[in-house]
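One structure below.
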Amino acid sequence: MKRSKIINVQFSDGPQQLMSSLKVKCNATGEIKSFYTPYLIGLIKRKYDNNYQYFLKTYISKSARKRVLEVTDEEPALDVYKSVLTLEYDHLKRQPGTIKNRHRINVIKSIFSRRFPEENINSIMG
């Protein structure tokens, strides 16, 4: 049996020992996705503030995000759509306050309030 290589990585939330390839669960669909660890390290640095635990907690696959864009009125369940909006909102709120981020936050709040008028995105995020 072939042994996997161990990669030691220093993330902002502490050091991690990762196998050369990992399987990660999508938080919106529950699908398991495989990642080559060097790619995953770059992804976490670019999009998740170099925070491994935050990545695990908020990861949503590209296919889940794509499905959200394809939502039609015939599809009654909007749980994935709501998850993607709230997770992106949470991610942007944690970022430095750039004009682009503030604009995107306002767009998300507007979309959320139109789609889910009975709920408030701020109260969901705590």
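The values are calculated or read from the model by the stated rules, or taken from the named source; none is laboratory data. Because the structure is predicted, anything quoted here is derived from the model rather than measured. Methodologically, a virtual Cβ is constructed for each residue, glycine included, from the backbone with ideal geometry; neighbour enumeration extends over all protein chains shown.
Residue-wise test of (1) assigned to a helix (DSSP H, G or I); (2) at positive phi; (3) buried (at least 18 other Cβ atoms within 10 Å of the Cβ).
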residue: G30; (1), (2), (3): no, yes, no
residue: L43; (1), (2), (3): yes, no, no
residue: F55; (1), (2), (3): yes, no, yes
residue: I60; (1), (2), (3): no, no, yes
residue: A64; (1), (2), (3): yes, no, yes
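Selection of the stretch 36-82 for residues being farther than 16 Å from Q17 by Cα, of a type in the set (S, T, N, Q) and at pLDDT 85 or above yields T58, S61. One residue stands out among those in the stretch 20-56 that are β-branched (V, I, T) and in contact (Cβ under 8 Å) with a residue 24 or more places away in the chain: the one that is farthest from H91 (Cα to Cα), which is T37. Taking residues in the stretch 107-126 that are over 15 Å from L78 (Cα atoms), and partners anywhere that are modelled with pLDDT under 85, the pairs with Cβ atoms closer than 7 Å and at least 6 places apart or on different chains are K109/I121. Restricting the search to the stretch 7-39, which residues are closer than 26 Å to K82 by Cβ and aliphatic (A, V, I, L, M)? Within the stretch 7-39, V24, A28, I32 qualify.
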